[in-house]
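The values are calculated or read from the model by the stated rules, or taken from the named source; none is laboratory data. Predicted model only: the values in this text are computed from it and were never measured. In this analysis, Cβ positions are derived from the backbone assuming ideal geometry, glycine residues included, and neighbour counts consider all displayed protein chains.
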Number of protein chains: 2
Amino acid sequence: MNYKILFLILDGIGDHGNRELFYGKTPLEAAKKPNIDKLCRNSECGLVYPVDIGVVPGSDTGHLALLGYDPYKYYRGRGIFEALGLGINLEPGDIAFRVNFATVSEDGTILDRRAQRNDFGIENILSDFKGIVENVEEEYNVEIIIKKGVEHRGVLVIRGLDSEKVKEIDKHKENEKVSKVEPLEEGAKKTAEVLNTLLENFYKFANNHEINKERKNLGLLPVNYMLIRGSSKFIPVPEKELFYEKYNLKGIFIAGAPMYLGVAKYVGLDTYKPPGATGTVNTSLISKAEAAIKKRDEYDIVFTHIKATDSLSHDRKPKEKKNFIERVDEDFFSRVKEEFDIIVVTGDHSTSSIWGMHIPDPVPLMIYSPINRKDSVKNFAERKCHKGILGHIKGTSIIKIILSKIGKAEWFGT
Amino acid sequence: MNYKILFLILDGIGDHGNRELFYGKTPLEAAKKPNIDKLCRNSECGLVYPVDIGVVPGSDTGHLALLGYDPYKYYRGRGIFEALGLGINLEPGDIAFRVNFATVSEDGTILDRRAQRNDFGIENILSDFKGIVENVEEEYNVEIIIKKGVEHRGVLVIRGLDSEKVKEIDKHKENEKVSKVEPLEEGAKKTAEVLNTLLENFYKFANNHEINKERKNLGLLPVNYMLIRGSSKFIPVPEKELFYEKYNLKGIFIAGAPMYLGVAKYVGLDTYKPPGATGTVNTSLISKAEAAIKKRDEYDIVFTHIKATDSLSHDRKPKEKKNFIERVDEDFFSRVKEEFDIIVVTGDHSTSSIWGMHIPDPVPLMIYSPINRKDSVKNFAERKCHKGILGHIKGTSIIKIILSKIGKAEWFGT
């Protein structure tokens, strides 16, 4: 049989119990989600430590694990995922950083790490900055790619350097002086030099760019700095370890935000960003459901990522998180539930909507399949799934269990 | 106190839930087994991944794990277990293969991988073939042992070669041309040469042997080929890691089929094949129970293997599996239940009686002991044991837990 698999990732779905709002329940436990729960009754359930017990997963490491790649082996920093997600064709050895286009004062103080999240004029500045970039490239015999992403975000890729080990200058704090890039090892001296030259030139150039006069007229802070972080070197996953080779499944990853698409590309999955997928609470869940169903015919496994459960947790909005989960059930899950043979629902990590941050607490997991040992769990939720037959597992085990449901699990012995 | 331990291995005992026959229950869940369940109520229970989560165990790797030997460290292919099980005294470096005595046509097409499972005349052919074997031994300066096992099965051992790394010629398919043995590494060239010479000579000799005229008169296909697989090299378990040295328990393994006895011998256990133990559904369970009780006086731990639960699963007979489990309870378990201080019941892997193949789903486990933390599990079954106090464990952990029940567990620290 040619099984069709849906793997739904609800970002940051697990949470803390909330006494004030939900009598101690988590948003997921409090949400009404009849469609998910109906399937849950015929599923095998458990709790997942995406990376490991007691370890807070990042979105990147959490996703690597869910895709079946041990993050301790395959993770090399975030920059490359953002770069891949923005469609940059990385070459082995490329060094990539995330960029925040920011506002820095004349005396070098960081006024706004995100330039008010307003990207007016950034493209123009980058376009006009090309000549200077070429000079830097020539001076240091490197190639430089700067690409704008969503809002104030972007990536910086440098080709032709040895080491990515530099001290990051974005400290996630404002009202501090911006610091010079410092090498963390001998081989990174040139990297620091190139970066400092580039960033200083960018400041001088952007600060005097006429776009920033326009921004001022619009009541906006200037965009005049590139704060870099997430340093990483692109070492491709060996061909024999790419997703299809490793798991013998043709897979696609559907998401709105670049980073998730980048992780998927890194492991060799195809990717698709459906229309209306914004990665925010206003995302079109219907469009995502339709995309998942459409891609099913072409692929064995369709990963679908939904971001807002995490964003609402970071914003400390448990009630909105609960409501959004109910929307996922109604707008997304009701449409896909009968369209796949195997349906997996879990998250890349828990995010506390009380603390507004990722937490290492395990994430609920349900695996629906036609032939299984369905357990007594009736609701997809933290304190229900822990009674499931799968027990407590690691993120990288999920894909192995999926393979076992379609008769494709790894053998050892005869 | 001198505890007496029974370790019962029900081969392939775990299964999928079966909606058609048992309202979604597995054969083990559906079976009535009052004797086992009575003891289960005073046991500690759990689920076992014999090799690892998501990995399908073979019978060989599964058994190694249950005996407390990490298969990733100790497994070196199946041939040596079959050879040891047939009583061949292997020497370090010996290369061993499983053999199927088969029927091949004049143009080299495999007509029947098992020569109709009928062993009429095989011993005669092997006996008369000895002269040619001696020639091959002399030509290549090796020693060759060919021994018939049950039905169409046998083993081939070659002493004096370097490498066992050859491409196996038994592809588990019929109506294909039989292929030459090919070396997989430089050092295996001679191995391939010896094997090809031997197999070609066997074909010429056996095909013209008068026994095959008799087989023809009996309406049987000729026996004229040795299909080899399960290549392995005998590297003995270091003396200090043999079962008694490692666990300080004198142990014996009771089984019908050679492979299981071979694994037991490999780790240094004594073995015993009781009369009437056939490894089939017609096996004498009473004889096995009596053997277990008899051996108890001489040994600390008596492993007893029951095969038919697995065979019936491979044959896709869930109902017969359920019935056989009920017979195990009545004929075997009722007799042994009061004869041992510690009683362990589990399996070497799960086998789906729906799919007819091994599956990686965990296997139920119960450990009865006079002093313990008995849990609330009342039935020895997949979806009962998962609620037990032992949780989800690996196969190699069982023997450690047994040691903990008799005050002999490994210490670390003071």
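Only one residue in B:Val363, B:Val336, B:Val344, B:Val328 is touching a Phe, Trp or Tyr at 6+ places or on another chain (Cβ under 6 Å) and either over 27 Å from A:Gly391 (Cβ atoms) or aliphatic (A, V, I, L, M) (or both), so which one is that? First the steps, then the outcome.
Numbers: B:Val363 fails: touching a Phe, Trp or Tyr at 6+ places or on another chain (Cβ under 6 Å); B:Val336 fails: touching a Phe, Trp or Tyr at 6+ places or on another chain (Cβ under 6 Å); B:Val328 fails: touching a Phe, Trp or Tyr at 6+ places or on another chain (Cβ under 6 Å).
Exactly one of B:Val363, B:Val336, B:Val344, B:Val328 is touching a Phe, Trp or Tyr at 6+ places or on another chain (Cβ under 6 Å) and either over 27 Å from A:Gly391 (Cβ atoms) or aliphatic (A, V, I, L, M) (or both), namely B:Val344.
Which members of the range A:125-153 meet the condition of being modelled with pLDDT under 95 and of a type outside the set (A, V, I, L, M, F, W, C)? If you could, list the steps in order and put the result at the bottom.
Applying the first criterion (modelled with pLDDT under 95) to the range A:125-153 yields A:149-153.
Answer for the range A:125-153, where residues must be modelled with pLDDT under 95 and of a type outside the set (A, V, I, L, M, F, W, C): A:Gly149, A:Glu151, A:His152, A:Arg153.
Among the listed residues A:Gly24, A:Gly14, A:Gly79, A:Gly58, identify the single one that is in contact (Cβ under 8 Å) with a residue 60 or more places away in the chain and farther than 30 Å from A:Ser179 by Cα.
A:Gly14
Looking only at strands (runs of 3 or more DSSP E) that lie completely in the range A:89-200, which have at least 1 residues being free of Cβ contacts under 8 Å to residues at least 24 places away in the same chain?
Numbers: elements: A:95-104, A:110-112, A:143-148, A:153-159.
Answer list for the range A:89-200: A:143-148.
Report, by residue number, each residue of the range B:70-83 that is surrounded by fewer than 24 Cβ atoms within 10 Å (Cβ to Cβ) and more than 10 Å from chain A (Cβ to nearest Cβ).
Listed by number, the residues that qualify are B:Asp70, B:Lys73, B:Tyr74, B:Arg76.
When you go through B:Asp331, B:Asp297, B:Asp315 one by one, which is the residue that is among the acidic types (Asp, Glu) and closer than 20 Å to B:Phe22 by Cα? If you could, list the steps in order and put the result at the bottom.
Values: B:Asp331 fails: closer than 20 Å to B:Phe22 by Cα; B:Asp297 fails: closer than 20 Å to B:Phe22 by Cα.
Going through B:Asp331, B:Asp297, B:Asp315 in turn, just one is among the acidic types (Asp, Glu) and closer than 20 Å to B:Phe22 by Cα: B:Asp315.
Suppose we filter A:Lys233, A:Lys250 for residues that are farther than 14 Å from A:Lys307 by Cβ, under 18 Å from the mean Cα position of the chain (by Cα) and charged (D, E, K, R); which single one remains?
Exactly one of A:Lys233, A:Lys250 is farther than 14 Å from A:Lys307 by Cβ, under 18 Å from the mean Cα position of the chain (by Cα) and charged (D, E, K, R), namely A:Lys233.
Scan the range B:27-52 residue by residue and report those that are more than 12 Å from every other protein chain (Cβ to nearest Cβ), of a type in the set (A, V, I, L, M, F, W, C) and not in a helix (DSSP H, G or I).
Result: B:Ala31, B:Cys45.
Quick one: B:Ser311 ticks every box in (1) polar (S, T, N, Q); (2) within 14 Å of chain A (Cβ to nearest Cβ); (3) within 18 Å of the chain's Cα centre (by Cα); (4) surrounded by fewer than 24 Cβ atoms within 10 Å (Cβ to Cβ) bar one, so which box is it?
(2)
Got a sec? Which of A:Lys394, A:Lys337, A:Lys387 is of a type in the set (Lys, Arg), modelled with pLDDT of 95 or more and closer than 20 Å to A:Pro71 by Cα?
A:Lys394
Of all residues in the range A:382-399, which are among the β-branched types (Val, Ile, Thr), facing chain B (nearest Cβ under 7 Å) and either free of Cβ contacts under 8 Å to residues at least 12 places away in the same chain or farther than 19 Å from B:His358 by Cβ (or both)?
Scanning the range A:382-399 gives a single hit, A:Ile393.
All but one of (1) under 13 Å from A:Leu47 (Cβ atoms); (2) away from chain B (no Cβ under 14 Å); (3) surrounded by fewer than 24 Cβ atoms within 10 Å (Cβ to Cβ) hold for A:Asp329; which doesn't?
Going through (1) under 13 Å from A:Leu47 (Cβ atoms); (2) away from chain B (no Cβ under 14 Å); (3) surrounded by fewer than 24 Cβ atoms within 10 Å (Cβ to Cβ) one by one, A:Asp329 breaks only (1).
Could you tell me whether the range A:222-238 includes any residue that is without any contact (Cβ under 8 Å) to a residue 24 or more places away in the chain and either hydrophobic (A, V, I, L, M, F, W, C) or under 23 Å from A:Phe120 (Cβ atoms) (or both)?
Scanning the range A:222-238 turns up no residue that is without any contact (Cβ under 8 Å) to a residue 24 or more places away in the chain and either hydrophobic (A, V, I, L, M, F, W, C) or under 23 Å from A:Phe120 (Cβ atoms) (or both).
Residues in the range B:59-80: is at least one out of contact with any Cys (no Cβ under 9 Å at 6 or more places or on another chain) and in a strand (DSSP E or B)?
No; the residues of the range B:59-80 include none that is out of contact with any Cys (no Cβ under 9 Å at 6 or more places or on another chain) and in a strand (DSSP E or B).
Considering each of A:Ile402, A:Ile371 in turn, give the residue that is under 22 Å from B:His386 (Cα atoms), within 14 Å of chain B (Cβ to nearest Cβ), hydrophobic (A, V, I, L, M, F, W, C) and surrounded by fewer than 18 Cβ atoms within 10 Å (Cβ to Cβ).
Of the residues listed, the single one that is under 22 Å from B:His386 (Cα atoms), within 14 Å of chain B (Cβ to nearest Cβ), hydrophobic (A, V, I, L, M, F, W, C) and surrounded by fewer than 18 Cβ atoms within 10 Å (Cβ to Cβ) is A:Ile371.
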